[in-house]
Amino acid sequence: MRLDNKATFPSHLINPKYKDKKWISKYIKAAWKDYKESYPDGFYNAKDKYHDIKLYMLGKQGITKYKRMIDPQKAANNDETWVNIDWNIIPIIPKFRRIALGVLKKSGYNVTAQAVDQIANKDRDKMYAKSAAKITLRDEFEKNNMDTTPLSIGEKTPNNIKELEMHMKFNYKHHMAKEIEQALQLIFDLNDYKNVRKKVIEDIHDYGIGGYKEFFDSKGSIKIKRVNPSNMIVSYSTDSDFKDIHYCGEVLEMSMGDLKQMAGDELTEVQYKEISEKLKHKNDKYHGRISGNEHQQNFDGQRVKVLDLEFYSVNDIILEERVNKKGNKVVGRIDKAKKNTKNKKYSKTSYKVVYKGKWIIDSDFYFDCGLCTNMKRAKSRLTDTTLSYHLVAPDIYQMQTYSLGEQMRGIADQLQLAWYKLQNVMLRARPRGIMIEIGALENVPLGRAGKAMKPLDIIDLYNQTGNLVYRAIDEEGNPSAMRPITELNNGLGNEAAQYYDIINRNIQLLRDILGFNEITDGSTPDPRTLKGVATLAAESTNNALSYIKDAERGLTERLAYNLTLRIQDAAKQGTLKGYVKALGSDSIEFFKVSPHVTAHEYGIILEDKPTEHQKEQLNKRIEQALQAGQITIADSLLVENLENVKQAQEVLAYRIEQNIKKQQEQSSVLQQQNAEIQNQAAQNAEVAKQQTIQIETQSKLQLLQAKAESDAQLMDRKYEHEKELETIRTEGRKEQKEIEADSREVVAEMKELGSTPEKSPQDE
C-alpha cells in the first residue's frame, strides 16, 4: 500500500537540452523520497527487514527477545538463574535453507541464441531448399550408380528429408547466432556468472526479490553484477518482472577514497572536505560518527553512501524533409528551435531514453549526471530501450515481497521458544522420590524384647531391603489411616512431551512450506527406499520450489537478451576485439565478433539440461531398443550425446522407426528371395519329377517291350511246339489208324479162320 507522502518529480515534457544536471538532481531526490517514504517497505525498512531475515537464515538471530518472551522480569533484571540453559540457536533453519538452495541451484540450462529477423529466416529457407535439392539429386544419382561426392551436404549428411527437417529443427543455427552464443558464454565466464547467479537465487529465496545489473565498465568491457536487495530502490510496480518501473538504482557504500576515485574531478577537494564535515555529524545506524582528531586521521577511510540511479524519460526528434544537392528528397534531424514551417515538411518522433546520476546521500553534491551512452535498442524497436537493472519478485503485492525466508522466520521463533522451554523443564525436573510421615514411624518396637526403632533406622531398612515396618495405631491406641511412606511421581512429566511435540510440528510445517519430506531432507535416510519413491519425493520438492525456478529462469532470459544487445553495440564499436576464448585443452581460438552481427535480431532460448531422472529414463529406453534390435550402437551413442531431452527422444523415436522400417524391408526382400528360391525349388522338383516319370515310363516301355518280345518268343516257341505236337499227333493218328486197320484185318482174318483173338490194349 502506497503512503500519502508523495514525491514531486520534474517534468519530462521539456526540451531535451534543458534536461541537465540540475534537472537530473531534482529527479534523483524525488526518487529517493518516493521510495524511502512512500512505501511500507521503504529503503530503511526494507534494509532492516532483509538484514533480520538473513540472520535467521544463517541461524544468527538475537536471543534477547526469546528471554523476554520466556520471562520478561528475569530478562529485564539480567537474572543469572538461566545460566544453565544453552542459548545457542538450533541449526534447523540453516539446514532446510541449504537443502532448498541446493535444489534451486542444481537446475541448469544452456543459453542459446536464434537469429529471428527476416534476413536470417531467408538464409534458413535457402539452406533448407539447397540441402533438400541435394538430397533429391543424390538419391537420383544413387539410383543411376553415379558419383554423389559433389552433392555432400556436410559432415553429417541427412539421409532423407525427414532427417533434414530434424536437423533444421534441432541443430541448425545461423552462423551469426553462433557468434552471439560464443560471446555470451565468454561474458558469463569472465564475470564468474555461476557464483553471481547463486547469490541471486539466495536473494530470491531469502528476500523474495533478486536482480542483475549489466553495463559497460570504463574499459569498454561488458560487466554483470548482483544487485543487493538491501541496497536497492525501485519505483512502484505491479509486475513481478518490474517491466513497468520508471526508475531503479542502488545505494553504494564506499570510503571517501573510493568516492574520490569514482567522482574524480567533478568534485573539488573543498567539496570533498565539505561532504566529510557534514557526514561526520550524522549519527544513525547507517552512518558511522567520526569526530575530532580521529576524523582528520581517517578522512579517506570515512564511509559515505552514494545513490546510483537510472530512470526513463521521453525525448522528441523533429525530422525535416528536404532536397539534397542531387535533387533527391531526404529526411534529416533538426533542432526544434530552428524549425521554420515555411515551405517545409516536418514530422515528430518520440523515443524512450535513459538518464543517469549519482548523489551523495544527505548532501547537495551530484556527479556523473547525464544521458546514458550505449543505450540498448533492438532493430525492431528502435524507439524503445531498457535500464541496466533487471529484477524479479515472484510474490509481490503492493511493493511488499513475501519470501520463503520470511515464512521460515516465524517458524524459527516457535522452534527456539519450544527448545528453550524444553531445556527449562529438563533442568527443573526432579528424580523419583518418597514422601515420609514421621509420626507413623516413631518408636516402632521389634518383638517382645526388641528395642524401639527410630524413624531414620526404619528408612535405612526400607532403602536396604525394601521392607517397611511402621505403627498401625497411634499413641492412644487408635488405628492410623496415614501411609508412612508415599512414592512421588517426579521426572519430566507431560510438559516436556508438549514442547517436544511443538518442535516436531514446526519442523513438519517447514517441510510442508518447502515441499520436503523425510527422504529429501535426509532426516530418515533408508538405503532400502525404492529409487522410484525417492524420485517422486524429489519431484514434490521441485514442484514446491518451481515458482522460484521459473522466476529465476525468466530473469536469466532477460539478462541474456540485454547482453546480446550490448554485444551488438560493442561489435559495432569494435570494443570486443581483445576477448579470448579457450575452446579446448589443446587449442586456443581468438574470439572476435563480426560487425555483421548487428545486421540481425536475436531471440534468447534457455534449453533445459536433462535431470538425472530424465537421463535414467532415456538410457533405459535406449537399452530396451538395443536389446530389441531396434537401434544400433551408433544410434545409441548419437542419442546419448544429445543434451536436449526432447531432441534425444525425437531422434531415438525416429531411429527406431527407420530401423524397424529397414528391418521390414530386409524381411520383405528375404521373403521374396525365399519365395523365389522356393519357386525355383518347386520348378526343379517338377522337372525332376517329370524326368523321373519319363525314366519310369521309358523303363516301363522297355519292360513292356521286353515282355512283348519275350511273349512273342514264347508264343513262337509255343506255336512251334504245338505245331510239333500236332505233327506228332497227326502222325500218331495215322499210325493208330494204320494199326486199327491192321487190327481189323487181323480180326477179319481170325473170323475167317474161326478163332477169337485176345483183346488188344486199345480194346481195353
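Here's a check for you: in the range 294-312, which residue that is at pLDDT 90 or above and of a type in the set (F, W, Y) is surrounded by the most Cβ atoms within 10 Å (Cβ to Cβ)?
F311
If you check K549, K581, K572, K577, which single one turns out to be at pLDDT below 90 and under 29 Å from G210 (Cβ atoms)? First the steps, then the outcome.
Values: K549 fails: at pLDDT below 90; K572 fails: under 29 Å from G210 (Cβ atoms); K577 fails: under 29 Å from G210 (Cβ atoms).
Criteria check complete, one pass: K581.
Here are the criteria: (1) modelled with pLDDT of 85 or more; (2) within 23 Å of the chain's Cα centre (by Cα). Tell me which single one I93 does not satisfy.
Here I93 meets the rest and fails (2).
Restricting the search to the range 247-263, which residues are part of a strand (DSSP E or B), among the hydrophobic types (A, V, I, L, M, F, W, C) and surrounded by fewer than 19 Cβ atoms within 10 Å (Cβ to Cβ)? Give the steps one after another, and end with the answer.
The first filter runs over the range 247-263 and keeps only residues part of a strand (DSSP E or B), leaving 247-255.
Going one step further and asking which of them are among the hydrophobic types (A, V, I, L, M, F, W, C), we end up with 248, 251-252, 254.
Within the range 247-263, L252, M254 meet the criteria.
Identify, please: which residue in the range 345-391 is of a type in the set (A, V, I, L, M) and part of a loop (DSSP other than H, G, I, E, B) and is, among those, surrounded by the fewest Cβ atoms within 10 Å (Cβ to Cβ)? Don't jump to the end; show me each part of the working.
Restricting attention to the range 345-391, the residues satisfying the condition of being of a type in the set (A, V, I, L, M) are 353-354, 360-361, 371, 375, 378, 382, 387, 391.
Narrowing further to those that are part of a loop (DSSP other than H, G, I, E, B): 361, 375, 382, 387.
On the way: I361: 21, M375: 17, L382: 10, L387: 25.
Checked the range 345-391; the qualifying residue surrounded by the fewest Cβ atoms within 10 Å (Cβ to Cβ) is L382.
With respect to the numbered conditions (1) closer than 23 Å to Y109 by Cα; (2) assigned to a helix (DSSP H, G or I), which one is the sole condition not fulfilled by L642?
(2)
Take T535 and tell me if it is part of a helix (DSSP H, G or I), in contact with a Phe, Trp or Tyr (Cβ under 8 Å, 6 or more places away or on another chain), closer than 24 Å to Q614 by Cβ and modelled with pLDDT under 90.
It is false that T535 is part of a helix (DSSP H, G or I), in contact with a Phe, Trp or Tyr (Cβ under 8 Å, 6 or more places away or on another chain), closer than 24 Å to Q614 by Cβ and modelled with pLDDT under 90.
Cβ contacts < 7 Å: first residue under 18 Å from I361 (Cα atoms), restricted to the range 4-28; second residue of a type in the set (F, W, Y) and part of a helix (DSSP H, G or I), any location; separation 6+ or different chain. Result?
F9/Y27
Go through the range 112-129 and give me each residue that's in contact with a strand residue (DSSP E or B) (Cβ under 9 Å, 6 or more places away or on another chain) and in a helix (DSSP H, G or I).
Of all residues in the range 112-129, those in contact with a strand residue (DSSP E or B) (Cβ under 9 Å, 6 or more places away or on another chain) come to 112-117, 120-121, 123-124.
A120, N121, D123, R124 - these are the residues of the range 112-129 that are in contact with a strand residue (DSSP E or B) (Cβ under 9 Å, 6 or more places away or on another chain) and in a helix (DSSP H, G or I).
Quick check on D763: is it farther than 30 Å from Q630 by Cα, modelled with pLDDT under 75, in contact with a helix residue (DSSP H, G or I) (Cβ under 9 Å, 6 or more places away or on another chain) and acidic (D, E)?
Details: farther than 30 Å from Q630 by Cα: yes; modelled with pLDDT under 75: yes; in contact with a helix residue (DSSP H, G or I) (Cβ under 9 Å, 6 or more places away or on another chain): yes; acidic (D, E): yes.
Considered against the rule, which asks whether it is farther than 30 Å from Q630 by Cα, modelled with pLDDT under 75, in contact with a helix residue (DSSP H, G or I) (Cβ under 9 Å, 6 or more places away or on another chain) and acidic (D, E), D763 comes out as yes.
Residues of the range 662-702 being within 30 Å of N160 (Cα to Cα) and of a type outside the set (S, T, Y), which ones?
Of all residues in the range 662-702, those within 30 Å of N160 (Cα to Cα) come to 662-674.
Within the range 662-702, K662, Q663, Q664, E665, Q666, V669, L670, Q671, Q672, Q673, N674 meet the criteria.
Kindly list the number of the only condition in (1) loosely packed, with under 11 Cβ neighbours inside 10 Å; (2) modelled with pLDDT of 80 or more that fails for Q617.
(1)
Quick check on this structure: which one of A120, A100, A132 is under 30 Å from L545 (Cβ atoms) and of a type in the set (A, V, I, L, M)? First the steps, then the outcome.
Working: A120 fails: under 30 Å from L545 (Cβ atoms); A132 fails: under 30 Å from L545 (Cβ atoms).
Matching residue, one of A120, A100, A132: A100.
Going by what's in this entry, would A682 be described as hydrophobic (A, V, I, L, M, F, W, C) and at pLDDT 75 or above? Let's see the steps before the verdict.
On the way: hydrophobic (A, V, I, L, M, F, W, C): yes; at pLDDT 75 or above: yes.
Yes, satisfied.
For A412, work out the one condition from (1) modelled with pLDDT under 80; (2) in contact with a Phe, Trp or Tyr (Cβ under 7 Å, 6 or more places away or on another chain) it doesn't fulfil.
(1)
Name the residues in the range 1-36 that are of a type in the set (S, T, Y) and either buried (at least 17 other Cβ atoms within 10 Å of the Cβ) or under 28 Å from R409 (Cβ atoms) (or both), would you?
Of the range 1-36, the ones of a type in the set (S, T, Y) are 8, 11, 18, 25, 27, 35.
Once the filter is applied, which keeps residues that are of a type in the set (S, T, Y) and either buried (at least 17 other Cβ atoms within 10 Å of the Cβ) or under 28 Å from R409 (Cβ atoms) (or both), the range 1-36 yields S25, Y27, Y35.
Among the candidates K67, K54, K60, K47, which residue alone is crowded, with 19+ Cβ neighbours inside 10 Å and under 26 Å from I99 (Cα atoms)? Outline the logic, then answer.
Working: K67 fails: under 26 Å from I99 (Cα atoms); K54 fails: crowded, with 19+ Cβ neighbours inside 10 Å; K60 fails: crowded, with 19+ Cβ neighbours inside 10 Å.
Going through K67, K54, K60, K47 in turn, the sole match is K47.
For the range 184-246, give me every one of the strands (runs of 3 or more DSSP E) that falls completely inside it and has 1 or more residues that are farther than 24 Å from K29 by Cα, out of contact with any His (no Cβ under 9 Å at 6 or more places or on another chain) and of a type in the set (V, I, T).
Values: elements: 210-216, 222-226, 232-234.
The qualifying strands (runs of 3 or more DSSP E) are 222-226.
Taking Y39 as the residue in question, decide whether it is of a type in the set (F, W, Y) and surrounded by 17 or more Cβ atoms within 10 Å (Cβ to Cβ). Quick ask: steps written out before the conclusion?
Working: of a type in the set (F, W, Y): yes; surrounded by 17 or more Cβ atoms within 10 Å (Cβ to Cβ): yes.
Taking the combined requirement at face value, the residue satisfies it.
Pull out all pairs, ordered by first then second residue, where Cβ-Cβ is under 9 Å, the residues are six or more apart or on different chains, the first lies in the range 128-141 and is without any contact (Cβ under 8 Å) to a residue 60 or more places away in the chain and within 13 Å of H167 (Cα to Cα), and the second is in a helix (DSSP H, G or I) and among the small types (G, A, S).
Going by the 9 Å Cβ cut-off, there are no qualifying pairs.
Kindly indicate whether any position in the range 707-717 is assigned to a helix (DSSP H, G or I), modelled with pLDDT of 80 or more and surrounded by 10 or more Cβ atoms within 10 Å (Cβ to Cβ). Quick ask: steps written out before the conclusion?
Narrowing the range 707-717 to residues assigned to a helix (DSSP H, G or I): 707-717.
From what is left, the residues that are modelled with pLDDT of 80 or more are none.
Checking the range 707-717: not a single residue is assigned to a helix (DSSP H, G or I), modelled with pLDDT of 80 or more and surrounded by 10 or more Cβ atoms within 10 Å (Cβ to Cβ).
Considering only the range 234-276, state which residues are touching a strand residue (DSSP E or B) at 6+ places or on another chain (Cβ under 7 Å) and polar (S, T, N, Q).
If the condition is that a residue be touching a strand residue (DSSP E or B) at 6+ places or on another chain (Cβ under 7 Å) and polar (S, T, N, Q), then S235, S240, S255 are the ones that fit.
How many residues does the range 643-653 hold that are within 19 Å of the chain's Cα centre (by Cα) and either surrounded by fewer than 16 Cβ atoms within 10 Å (Cβ to Cβ) or free of Cβ contacts under 8 Å to residues at least 40 places away in the same chain (or both)? Don't jump to the end; show me each part of the working.
Looking only at the range 643-653, we keep the residues that are within 19 Å of the chain's Cα centre (by Cα), and these are 643-650.
Those left that are additionally either surrounded by fewer than 16 Cβ atoms within 10 Å (Cβ to Cβ) or free of Cβ contacts under 8 Å to residues at least 40 places away in the same chain (or both): 643, 645-646, 648-649.
Result for the range 643-653: 5.
When you look at I204, is it surrounded by 14 or more Cβ atoms within 10 Å (Cβ to Cβ), modelled with pLDDT under 75 and of a type in the set (V, I, T), yes or no?
On the way: surrounded by 14 or more Cβ atoms within 10 Å (Cβ to Cβ): yes; modelled with pLDDT under 75: no; of a type in the set (V, I, T): yes.
No, not satisfied.
Would the range 669-678 turn up any residue that is under 60 Å from the mean Cα position of the chain (by Cα) and acidic (D, E)? Working first, answer last.
We begin by selecting, within the range 669-678, every residue under 60 Å from the mean Cα position of the chain (by Cα); these are 669-678.
The next check asks that each one be acidic (D, E); those that pass are 676.
Checking the range 669-678: at least one residue is under 60 Å from the mean Cα position of the chain (by Cα) and acidic (D, E).
Restricting to the range 620-635, give me the number of residues that are within 22 Å of L164 (Cβ to Cβ) and surrounded by 12 or more Cβ atoms within 10 Å (Cβ to Cβ).
Number of matching residues: 3.
The values are calculated or read from the model by the stated rules, or taken from the named source; none is laboratory data. These numbers were taken from a predicted model, which means no experiment stands behind them. Neighbour counts run over all protein chains shown; Cβ positions are idealised from the backbone, glycine included.
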